[in-house]
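Remarks on the structure that follows.
The values are calculated or read from the model by the stated rules, or taken from the named source; none is laboratory data. Fair warning: this is a prediction, and the values are worked out from it, not measured in the lab. So basically every Cβ, Gly included, is an ideal-geometry build from the backbone, and we count neighbours across all protein chains shown. Accessible surface is based on the protein model in full, side chains and every heavy atom, while ligands, DNA and RNA are left aside. Shrake-Rupley method; radii C 1.70, N 1.55, O 1.52, S 1.80 Å.
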Amino acid sequence: MSIHSIDVDVSSPGRNFVTAIVTTSDGVVGLGDATLNGRELAVASYLRDHVAPTLIGRDESQIESTWQYLYRSPYWRRGPVTMAALAAIDMALWDIAAKRAGVPLYRLLGGASRTGLLAYVHASGSDLAHLDEAIRGYVEQGFQAVRIQTGVPGLGQIYGVHDSDPGGAYEYEPAGRLTSDAPRRPAEETWDTAAYLRHLPTVFEHVRSEFGPELHLLHDGHHRMRPIEAARLASDLEPYRPFWLEDCTPAEDQSALRLVREHSTTPLAIGEVLNSVYDYQTLITERLIDYVRSSATHAGGITGLRQLMTFAGIYGTRSGFHGPTDVSPVGMAAHLHLGLAIHNFGIQEYMPHSARTLEVFRTSYTVEGGLLHPGETPGLGVELDREMAAAHPYEPAYLPLNRLRDGTVHDW
Ligand code: EZ4
Ligand code: CO
C-alpha cells in the first residue's frame, strides 16, 4: 500500500493547531501533529509545498526510511519548522501502521513497560492563596505532581500564571490571540530576575509546609536566568526537594548547565525548544540534565523522540515530554504511547485541552489517580472531526515577549 494523499489542516478549536492527515491508497487515515506555537503557517507551508508532493506514492510502511529521507534529503537539517513537519508525517505513518496491525501504537513500540504514566499538572496563582487553591483542586483529583508558578511582587502579569476562574470564559493557553484592531505583534510583559530569585524560595517553603513532603513539586524558569543566577536558585530550592527545575537557562547554551550542576543537587529538565538528538549531546553525555523536555511534535515525531530517548537511556536520563496545550491531542497521544513503552520514562506534563479542542480531536487516553494511559484503541487513538475543525479557522496568536524594566528584550 502507498501514500495516496496528504492534507494539512490549520484550525483553531480553542487554540491553533496544525494537523497532517495522511491517507493510504486503500483508505487508512493517519494523523500527525505539526503545531508550532506562533509559527503555525510556516510549518503548514513546509508540509504542503515541500513535503507532501515528494511522498505521494511512497510505501507508507517504510517509516524509518521516510524519516531519514525527510531529515537528510532537503540538505537543511534540524530546526523547529523542519522537525515539526517531519514529526507530523512520522506520527501519521505510525498511526497507520498500528491501525493496520489492529493494536494501540505502544504495542508496536515494544509494549507496555508500566501500567500508567505519572502526570504533572500546572498549578498557578497570582499570590499564595490562589496558588494553594489551585494545588488543592489537583490534589483532590488525585494528582501526585504539580508545577507551581506564582506572581512576583512588584511585577504585573507574568507568563504561565493565572488565577482559576471556574466557569469563566478565559481558557488558559500559552498564546495570546491578536485582535483585529490591535497591532499584529505579541503582548509584552515586564521581567525582573532579582525579584523572582528573592521570591520563589519563599513560595516553595510555603507550599512544602502547606502540602507536606510527598507531593512532587516542579517549577519552570522559562529560560530567563543566567547560569550563575540559575545556580543560586537551584541551590536555594534544594531544601524543598523539587522534582525538577525546568528551563533555568537558555536551552541552546548547553554548557551553561555545568555551572548549575556544580552548585546543586536540584534535578534539572530542559529541552522543549530543542528538536534533535544533537541539541542534547553535551547535556546528556556530561550528565548535565535529568529529564528530556522535548516533544514528539517538535523533535521529529515518534522516530525522532525515540532515537533521543534511546541515547538518553545510556546515561540514565529520563523523559519529561513537553505536554502544553499547543501540542495537539495527536502529539499528546504520541507521548503517551512512547512513554508507556520506553524504559526510561520519567514524568509526563499534562495540561488538559479545552472542551472545544476535545470536541474536534476525540481522544481515547485516560487520566486516573494522577496516571495517564493512552488507551487501547488501535493506532494513536485520536480522531479528528475535520468538518468541525474547519468551522474554527486559524487566528493569529503569539506567546508574549518579556522585557526588563529598562526595556531590554529578555530571554524566553
Ligand atoms: O512556553 O508551550 O512547560 N511548558 C511551557 C509552555 C511553553 C509553550 C510554548 O509554546 O513552558 O507553556
Ligand atoms: Co516549560
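Among residues of region 377-393 being small (Gly, Ala, Ser) and assigned to a loop (DSSP other than H, G, I, E, B), the one that is most open to solvent (accessible area, probe 1.4 Å) is Ala391. Is it the case that some residue within region 322-341 is outside any strand (DSSP E or B), open to solvent by 10 Å² or more (accessible area, probe 1.4 Å) and more than 16 Å from ligand 2 (Cβ to nearest atom)? Yes, region 322-341 contains a residue that is outside any strand (DSSP E or B), open to solvent by 10 Å² or more (accessible area, probe 1.4 Å) and more than 16 Å from ligand 2 (Cβ to nearest atom).
For every residue, the table says whether it meets (1) within 21 Å of Ala98 (Cβ to Cβ); (2) at pLDDT below 95; (3) in the same structural domain as His222 (by TED's automatic domain parsing); (4) in a helix (DSSP H, G or I).
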site: Ser294; (1), (2), (3), (4): no, no, yes, no
site: Arg306; (1), (2), (3), (4): yes, no, yes, yes
site: Gly316; (1), (2), (3), (4): no, no, yes, no
site: His343; (1), (2), (3), (4): yes, no, yes, no
site: Thr357; (1), (2), (3), (4): no, no, yes, yes
site: Gly375; (1), (2), (3), (4): yes, no, yes, no
site: Glu395; (1), (2), (3), (4): no, yes, no, no
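Every condition in (1) touching a residue at least 60 places away in the same chain (Cβ under 8 Å); (2) of a type outside the set (A, V, I, L, M, F, W, C); (3) crowded, with 23+ Cβ neighbours inside 10 Å holds for Gly102 except the one numbered (3). Selection of region 277-329 for residues being more than 15 Å from ligand 1 (Cβ to nearest atom) and charged (D, E, K, R) yields Asp279, Glu286, Arg287, Asp290, Arg306, Arg318. Is at least one residue of region 358-369 among the aliphatic types (A, V, I, L, M), away from ligand 2 (no atom under 16 Å from the Cβ), closer than 30 Å to Leu118 by Cα and surrounded by 16 or more Cβ atoms within 10 Å (Cβ to Cβ)? Yes, the conditions are met somewhere in region 358-369. When we screen Thr285, Thr249, Thr297 for residues that are open to solvent by less than 10 Å² (accessible area, probe 1.4 Å) and more than 24 Å from Gly32 (Cβ to Cβ), the only hit is Thr249. Scanning region 90-131 for residues that are part of a helix (DSSP H, G or I), in contact with a helix residue (DSSP H, G or I) (Cβ under 8 Å, 6 or more places away or on another chain) and over 30 Å from Leu217 (Cβ atoms) returns Asp90, Met91, Leu93, Trp94, Asp95, Ala97, Ala98, Ala101, Leu105, Arg107. Return a yes/no flag: does region 19-38 have any residue that is more than 21 Å from Val382 (Cα to Cα), outside the structural domain of Pro352 (by TED's automatic domain parsing) and surrounded by fewer than 24 Cβ atoms within 10 Å (Cβ to Cβ). Yes, region 19-38 contains at least one residue that is more than 21 Å from Val382 (Cα to Cα), outside the structural domain of Pro352 (by TED's automatic domain parsing) and surrounded by fewer than 24 Cβ atoms within 10 Å (Cβ to Cβ). When Thr297 is tested against (1) over 20 Å from Glu64 (Cβ atoms); (2) touching a Ser or Thr at 6+ places or on another chain (Cβ under 7 Å), just one condition goes unmet, and that condition is (1). Considering only residues that are away from ligand 1 (no atom under 16 Å from the Cβ) and either in a helix (DSSP H, G or I) or closer than 15 Å to Tyr350 by Cβ (or both), which ones fall in region 144-156? Within region 144-156, just Gln144 meets the criteria. Of the helices (runs of 4 or more DSSP H) entirely within region 1-80, those holding at least 3 residues that are of a type in the set (Phe, Trp, Tyr) occupy 63-72. Looking across region 143-166, the residues that are touching a residue at least 24 places away in the same chain (Cβ under 8 Å), more than 22 Å from Ser209 (Cβ to Cβ) and either β-branched (Val, Ile, Thr) or away from ligand 2 (no atom under 16 Å from the Cβ) (or both) come down to Gly154, Leu155, Gly156, Gln157, Ile158. Looking at Val51, is it under 30 Å from Phe204 (Cα atoms) and either open to solvent by less than 30 Å² (accessible area, probe 1.4 Å) or among the small types (Gly, Ala, Ser) (or both)? Judged against the criteria, Val51 is not a match. For region 108-135, the set of residues classified as surrounded by fewer than 19 Cβ atoms within 10 Å (Cβ to Cβ) and in contact (Cβ under 8 Å) with a residue 60 or more places away in the chain consists of Gly110, Gly111, Ala112, Ser113, Arg114, Thr115, Leu128, Asp132, listed by residue number.
Looking across Pro239, Pro227, Pro213, one residue alone is open to solvent by 10 Å² or more (accessible area, probe 1.4 Å), under 18 Å from Ala145 (Cβ atoms) and away from ligand 1 (no atom under 16 Å from the Cβ). It is Pro213.
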